1. Given the criteria within 15 Å of the ligand (Cβ to nearest atom), at pLDDT below 95 and touching a Gly at 6+ places or on another chain (Cβ under 9 Å), does Ala15 qualify?
2. Would you confirm, using the coordinates I've provided, whether Ser43 is away from the ligand (no atom under 16 Å from the Cβ), among the small types (Gly, Ala, Ser) and at pLDDT below 95?
3. What helices (runs of 4 or more DSSP H), lying completely within the stretch 7-88, carry at least 1 residues that are closer than 30 Å to Arg103 by Cα and assigned by TED's automatic domain parsing to the domain that holds Phe113?
4. Hey, does the stretch 205-220 have a residue that's of a type in the set (Val, Ile, Thr), surrounded by fewer than 21 Cβ atoms within 10 Å (Cβ to Cβ) and more than 18 Å from Arg329 (Cα to Cα)?
5. For Leu362, work out the one condition from (1) of a type outside the set (Asp, Glu); (2) at pLDDT below 65; (3) more than 22 Å from Arg88 (Cα to Cα) it doesn't fulfil.
6. Can you say whether Val293 is assigned by TED's automatic domain parsing to the domain that holds Arg187 and either within 23 Å of Gly324 (Cβ to Cβ) or touching a Phe, Trp or Tyr at 6+ places or on another chain (Cβ under 9 Å) (or both), as far as the supplied structure shows?
7. Out of Gly98, Gly34, Gly59, which single residue is surrounded by fewer than 21 Cβ atoms within 10 Å (Cβ to Cβ), out of contact with any Pro (no Cβ under 9 Å at 6 or more places or on another chain) and closer than 19 Å to Ser160 by Cβ?
8. Among the numbered conditions (1) within 16 Å of the ligand (Cβ to nearest atom); (2) within 30 Å of Pro184 (Cα to Cα); (3) at pLDDT 95 or above, tell me where Ser62 comes up short.
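The values are calculated or read from the model by the stated rules, or taken from the named source; none is laboratory data. All of these numbers come straight from a predicted model, not from anything done at the bench. We place every Cβ from the backbone using ideal geometry, glycine too, and count neighbours over all the protein chains shown.
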Amino acid sequence: MSEGRGRFERVIAHADMDAFYASVEQRDRPELRGRPVVVGGASRRGVVASASYEARRFGVRSAMPAALARQRCPEAVFIAGDMKRYARESRRIFEIFGRFTPRVEGLSLDEAFLDLTGTERLLGPAAEVGRRLRAAVREETGLVVSVGIAPVKLVAKIASDLAKPDGLLEVRPREVEAFLAPLPVGRLWGVGPVTEARLLAAGYRTVGDLARADTPALRPVLGDWGAALARLARGRDFRDVEPFREAVSLSEESTFEYDVTDRRALETTLLVHAESVARRLRKEGLLARTVVVKLKLGRRRAPGPRGFPLLTRRETLAQATDDGEAIARAARGLLARTKLQEAVRLLGVGVTHLASARERQLDLFDSAQGQARRVRLNQAMDALAARFGPGTVTRAGVAGVARAGLTHQIKRGETP
Ligand SMILES: [Mg+2]
């Protein structure tokens, strides 16, 4: 496998803030510096959203129940957290990322892929760019970002993780296979606990074991997916950095039989679409970070099919979701801020910025119990919809949708 940089070789950086929320707190409250800080574990039932490195030394990790974190590190300072402040900080960080390349794909508030392919002449070698990026983030925000650089996304992401804390790790094209080989199979994207157990049972422990496997041998273990996973294990990850990821989106819209002005009817329609889109996300095991509302106004401005003004409004959530209620809430907010002056002809809800549900970040402001209840409710609704059709169960308030007079519904979507 010859992979010289002369050929079609990509240079991808993965930048990931170190202990992001906890670091923002330590920066803004000097009395917290050097002390174990846990964000998100303020209530007894909460979960840890972010732990400072001082707290990690005691075995505190994100997504851990707060009660366990308290047991492991009773002297830690527990903070409820302030998502608005973290989101503001995130915008500053992404602004810095954007100075190095326009091709930035955000994965969450504090991490992104940057496509540095072809920037060498302008900016210098990738490792040098990584060093400058780390310095700029530190100087301008007082926060620490670690960076991984590699020819493929998978490896760049693992490299930034291994570079932590406060580091940079570059994996050159010829080093990719050797870098991946000793890692446990669970480090590969798409390998969740179930697949991992199946692979272990079949004797594949490391990524290297998988890379060496021949495809027919993997078929009984993984089915059609085996070949793709073996390719990934060899570092052959062809996914591009996708600044907007618009291709990967789901949406549903409807054209009304009569143009609608009634706010409640519009909101009900949004809820129906939001629930439907959310159901599709859950079915695919995906979470969405950006909610898009699309609407066509009723008053024709020009002849032809495009004569009606089309508006799209979008909001990126602090938290990726597959919950219809959360999507509907964002959609209602977008509709309210549109300050409509006339009737609506078409209304749709879409989501983009999709990620695997395995990367679910825990909501700071939802108690663990509240979140678990919503997940169970969604599962119950999905099961009923699968048995009796999507119209069977709806949340309170949806019954009024008939009055909105839906006539023409379109579903769009592409999933990875
Ligand atoms: Mg991070």
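1. It is false that Ala15 is within 15 Å of the ligand (Cβ to nearest atom), at pLDDT below 95 and touching a Gly at 6+ places or on another chain (Cβ under 9 Å).
2. Considered against the rule, which asks whether it is away from the ligand (no atom under 16 Å from the Cβ), among the small types (Gly, Ala, Ser) and at pLDDT below 95, Ser43 comes out as yes.
3. Details: elements: 20-28, 53-56, 66-72.
Those helices (runs of 4 or more DSSP H) span 20-28.
4. Yes: the stretch 205-220 contains one or more residues that are of a type in the set (Val, Ile, Thr), surrounded by fewer than 21 Cβ atoms within 10 Å (Cβ to Cβ) and more than 18 Å from Arg329 (Cα to Cα).
5. For Leu362, the exception is condition (3).
6. Judged against the criteria, Val293 is not a match.
7. Gly98
8. (3)
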